[in-house]
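Presented below is the structure to which this report refers.
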Amino acid sequence: MPVIHASEARTHEIHGARFVSYATPLTGSKELCAWRGEIPAGTKAPVHTVNREEIFLLLVGELLVTLDGSTERIRAGDTVIVNPGTAFSVENPTDHTALSWVTTSIGLEAVLADGTRITPPWAN
């Protein structure tokens with residue numbers, strides 16, 4: 001069984017947030033990817049859709065999450081299920097960094113509202 005120590009996790013930054021990847025094909029995962037998201041105070045991620053289901057668990061803080069135009073405030077312990085094709089965005093309106101844990105299947109791709117495709121290295 002592969003063990004990924006915190007010191008071995010790979011960090012990526014995009015749109016003002018940091019993604020710390022643990023489970024990926026590079027670390028031995030065959031089907032799933034998992035990462036910790038760090039969303040600094042004041043960060044607003046752009047609206048995007050994903051091609052894979054994503055499970056988003058908020059570990060610390062609170063966020064505004066928008067799914068297909070409907071916004072809801074979530075707090076630590078809340079989970080959001082983002083289905084494929086759903087327009088999704090996250091905003092941290094607080095003055096503290098929020099921490100999340102995200103799990104999805106290998107092959108995740110995000111498409112921004114302007115049509116730009118992103119293949120996140122932490123999910124492939």
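The values are calculated or read from the model by the stated rules, or taken from the named source; none is laboratory data. Source: prediction; values computed, not measured. Cβ placement follows ideal geometry from the backbone for every residue including glycine, while neighbour counts extend to all protein chains displayed. SASA here: full protein model, heavy atoms, side chains in, ligands and nucleic acids out. Shrake-Rupley method; radii C 1.70, N 1.55, O 1.52, S 1.80 Å.
Brief remarks follow.
- Test: Gly37 is without any contact (Cβ under 8 Å) to a residue 60 or more places away in the chain, open to solvent by less than 80 Å² (accessible area, probe 1.4 Å) and either under 16 Å from Trp122 (Cβ atoms) or not in a strand (DSSP E or B) (or both): no
- In this structure, Thr49 does not satisfy being more than 17 Å from Glu13 (Cβ to Cβ), touching a Cys at 6+ places or on another chain (Cβ under 9 Å) and surrounded by 16 or more Cβ atoms within 10 Å (Cβ to Cβ).
- Only a single item in (1) in contact with a Cys (Cβ under 9 Å, 6 or more places away or on another chain); (2) modelled with pLDDT of 95 or more is not met by Trp122, and it is number (2).
- Test for Ser29: is it polar (S, T, N, Q), modelled with pLDDT of 90 or more, buried (at least 16 other Cβ atoms within 10 Å of the Cβ) and not in a loop (DSSP other than H, G, I, E, B): no
- Any hit, the range 11-24, residues being of a type in the set (Lys, Arg) and out of contact with any Asp or Glu (no Cβ under 6 Å at 6 or more places or on another chain): no
- Within the range 17-26, the set of residues being of a type outside the set (Phe, Trp, Tyr) and either exposed (fewer than 14 other Cβ atoms within 10 Å of the Cβ) or over 17 Å from Thr97 (Cα atoms) (or both) comprises Ser21, Ala23, Thr24, Pro25, Leu26.
- Single condition Asp68 does not satisfy, out of (1) open to solvent by 70 Å² or more (accessible area, probe 1.4 Å); (2) in contact (Cβ under 8 Å) with a residue 40 or more places away in the chain; (3) acidic (Asp, Glu): (2)
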